[in-house]
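Reading through the structure tokens given below for one structure.
The values are calculated or read from the model by the stated rules, or taken from the named source; none is laboratory data. Model, not experiment: these values are computed from the prediction. Cβ coordinates were reconstructed from backbone atoms using ideal geometry, including for glycine residues, and neighbour counts include every protein chain displayed. Surface areas here come from the heavy atoms of the whole protein model, side chains and all, with no ligands, DNA or RNA. Shrake-Rupley method; radii C 1.70, N 1.55, O 1.52, S 1.80 Å.
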Amino acid sequence: MKRTVFAILSSLTLFAQTSFAAGGQSAPSQDFSKASVVIKFFDRTMYYPSGTQDNPVKVNVSIVNNGTETLRFKLADERMFSLDFTANTIKNTKLAQTTDLINRRSSKNDVYYRDIAIEAGESYSFVEDVKKYISFDEPSIYYLQLDFYPDLYKSKSVKLTSNRLSLDVRPAPAASGSAVLPIQNESATMLTLEQIPPDQVVERTIKARQQSLWDQYFLYMDVEQLMKRNGEMERRYNIASADERRRMLEAYKSDLMQNRIDHDVIAVPESFQIQTTTYSPTAGSVTVEEKFKYPNYREVKKYVYKVRQRDGIWQIYDYTVTNLGTEE
């Protein structure tokens, strides 16, 4: 895609009395009603309430020119002076900003920026880490949004608000857990959630179980919802604190790995065949015939895995099992 970008390095003194100090040149005032901001996850993976270096939440930000004229705006080299991420809980409680963000915005240092111009129908994109802006201290589902300031954050004369994403921050893995899994004997790679269809989600999950690759097995599992299939555990979980919930989820996963509970979902089939897959934009089911080998016979079962989608990622959250008999 053709892109016309003009970058003029300028500076803005935050606490000066005039709008643009230190020789900075203001971009001409214009109508931003035809501009929009779109965010989506970049290289989406499993997110935990840890530091940005260990587990960043990378988001692709696109400034889009939907109009017919050239769109001009300022973009700070330190993007926290052009952007402001917000995250809210399901109870609409706003999360706190990071201490580093607050300190940097409170400093009296010059802010360097570039004057950017994009033509009609084009966009300007970059990747930003949300954890530089927001502190995610507890596992939960958060609603993430971005405000973009074309005339820089301190001005706030114009603000463009993005679409909203749901961010699933999971409990931190136990010390014995690993975020890096061996894919081959000689190599390792970081697990990454992919936007694959429901049948592939189920296929990968079963194959991971056949190979006892537990982190890959849990990757597309909504472990919380699976645990809450048990009414008593759901009741205890709903009244528990964040730390207690984290321990309950880790204990549930540990019990699954040691074959103490929910034997059907962790049973290891000798072979399997996906029969039907049906789904709407947000929910669906995958029916699988699975065969389990015993010394003198094979047991045949029909599994129906229920799946649902969040931000393009399908997860297994429930299942049913029907015995179909045995064969030699």
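Between Lys293 and Thr99, the contour length at 0.36 nm per residue exceeds the Cα-Cα span by 64.2 nm. The accessible surface of the range 213-328, taken with every protein chain in place and a 1.4 Å probe, is 44 percent carbon and sulfur.
At an R0 of 56 angstrom, the distance between the Cβ atoms of Ser254 and Thr70 translates into a FRET efficiency of 0.45.
Distance between the pseudo-spin-label points of Thr192 and Ala120 (7 Å out from Cα toward the beta carbon): 3.7 nm. Note on Met257: accessible area approximately 80 square angstrom, rounded to 10, probe 1.4 Å, nucleic acids and ligands left out.
Binning all Cα-Cα separations of the range 29-124 at 10 Å, short to long from zero, yields these whole-percent fractions: 12, 34, 35, 18, 1. Ligands, DNA and RNA excluded, the heavy atoms of Ser271 present near 50 Å² of accessible surface to a 1.4 Å solvent probe.
Heavy-atom accessible area for Ile102, with the other protein chains in place and a 1.4 Å probe, reaches approximately 80 Å².
Ignoring lysines fewer than eight residues from Lys207 along the same chain, the ones with Cα atoms less than 27 angstrom from its Cα are Lys228, Lys253, Lys291, Lys293, Lys301, Lys302, Lys306. Each 5 Å bin from 0 upward holds the following percent of the Cα-Cα pairs of the range 193-317: 2, 10, 19, 21, 20, 15, 8, 3, 1, 0.
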